[in-house]
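Undergrad: Here it is, the structure in full.
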Amino acid sequence: MVTKFSNKMILLTENSKVLIVGTLENKLNNIIDTYFTRKECVELNENTIEILNENLYHQYDMVIYSLTQETFDLFKNNINFFAKHSIVLIEHELYSNFSYYINSIASLVVLPIQEEIFVEKIYNVLCINETNKLLHSKEKIINKYKNDETNININEFLDKYHGSIMFLNEDLNDNCNRLKDLEISQELFRDISSNILKLNNILKNNESFRKLSNTFSQLSDFLVTLDLESIPPQNYTAFDYLTTIVADITIYLDELFVYKLFKDVHVFEDSLENNIQYFEDSLFDNEQEEDDNLEFF
């Protein structure tokens, strides 16, 4: 569970930019340095107070204020508003004076705070920002395809199985992460096989996915019967292709069941079949054409 949360934090912070207004204590500053590669700091004093404004805040995914009584008084008398996507850290003595601002910020921290709770505060604020980005992207994509007759006709099926697919997709993402961590085991392959078989049992209920479900069925059978001892160790790099295949499946399911975009299914089917064949050939040194390449969906 800790590992999963850390992975999610890294996904949120790897391209995020944070502004720190004031001075953080060392242990909290170390947390910022652990997760963020893009960090800027501004001391809060008479010389810097004028640069703190909306134009500056918009350049960052999150703003963290660390206030003492002195800097709070300076802030209140000169600016008197906080960035909405902010975390404000205050001493306990400031709490009663700060109550006016609580509803205008994303998160408040009364020091001292445990490190894991501070990380959760950061995660929650960044999740809001990430959700807004995803909703904006989803709106553009939906508007682009909303009048497509194919998409309209398949909505009932997508609505019916949305919940089941999302649980399966989360499991497949976990499988993919284990592959990325270089786990190669019969247990993992059986787990992937089981999840793909469950996916197949859902998709075969719609005629549009019959060919795709057959491909999933064949992949599931191959993985569950795969004998690791029969594979030369030098061919274990072929499991990188399996990682790509599982990752592509999760992306396609997100597009289909989250964004509800039913398009180019035949392109995905053909790509998946080719990639599976390439994966199997690479495991057992089967001859391949010189121009064979793994296809990315």
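The values are calculated or read from the model by the stated rules, or taken from the named source; none is laboratory data. Predicted model, so just to flag it, every value in this text is computed and none were measured. Virtual Cβ from ideal backbone geometry, glycine too; neighbours counted across all protein chains shown.
Undergrad: Between Ser107, Ser193, which is free of Cβ contacts under 8 Å to residues at least 24 places away in the same chain, surrounded by 17 or more Cβ atoms within 10 Å (Cβ to Cβ) and touching a helix residue (DSSP H, G or I) at 6+ places or on another chain (Cβ under 8 Å)? Can you show your working first?
TA: Numbers: Ser193 fails: free of Cβ contacts under 8 Å to residues at least 24 places away in the same chain.
Going through Ser107, Ser193 in turn, just one is free of Cβ contacts under 8 Å to residues at least 24 places away in the same chain, surrounded by 17 or more Cβ atoms within 10 Å (Cβ to Cβ) and touching a helix residue (DSSP H, G or I) at 6+ places or on another chain (Cβ under 8 Å): Ser107.
Undergrad: Please verify whether region 138-151 includes one or more residues that are under 26 Å from Tyr35 (Cβ atoms), part of a helix (DSSP H, G or I) and aromatic (Phe, Trp, Tyr).
TA: no
Undergrad: Looking at region 206-225, is at least one residue part of a loop (DSSP other than H, G, I, E, B), modelled with pLDDT under 90, in the same structural domain as Leu168 (by TED's automatic domain parsing) and surrounded by fewer than 15 Cβ atoms within 10 Å (Cβ to Cβ)?
TA: no
Undergrad: Please find, among Ile51, Ile20, Ile64, Ile79, the residue that is touching a residue at least 40 places away in the same chain (Cβ under 8 Å) and either among the basic types (Lys, Arg) or farther than 21 Å from Asn132 by Cβ (or both).
TA: Numbers: Ile51 fails: touching a residue at least 40 places away in the same chain (Cβ under 8 Å); Ile64 fails: either among the basic types (Lys, Arg) or farther than 21 Å from Asn132 by Cβ (or both); Ile79 fails: touching a residue at least 40 places away in the same chain (Cβ under 8 Å).
Being touching a residue at least 40 places away in the same chain (Cβ under 8 Å) and either among the basic types (Lys, Arg) or farther than 21 Å from Asn132 by Cβ (or both) holds for just one of Ile51, Ile20, Ile64, Ile79, which is Ile20.
Undergrad: How many residues are modelled with pLDDT of 95 or more and either over 29 Å from the mean Cα position of the chain (by Cα) or assigned to a helix (DSSP H, G or I) (or both) if we restrict to region 73-109?
TA: Count: 1.
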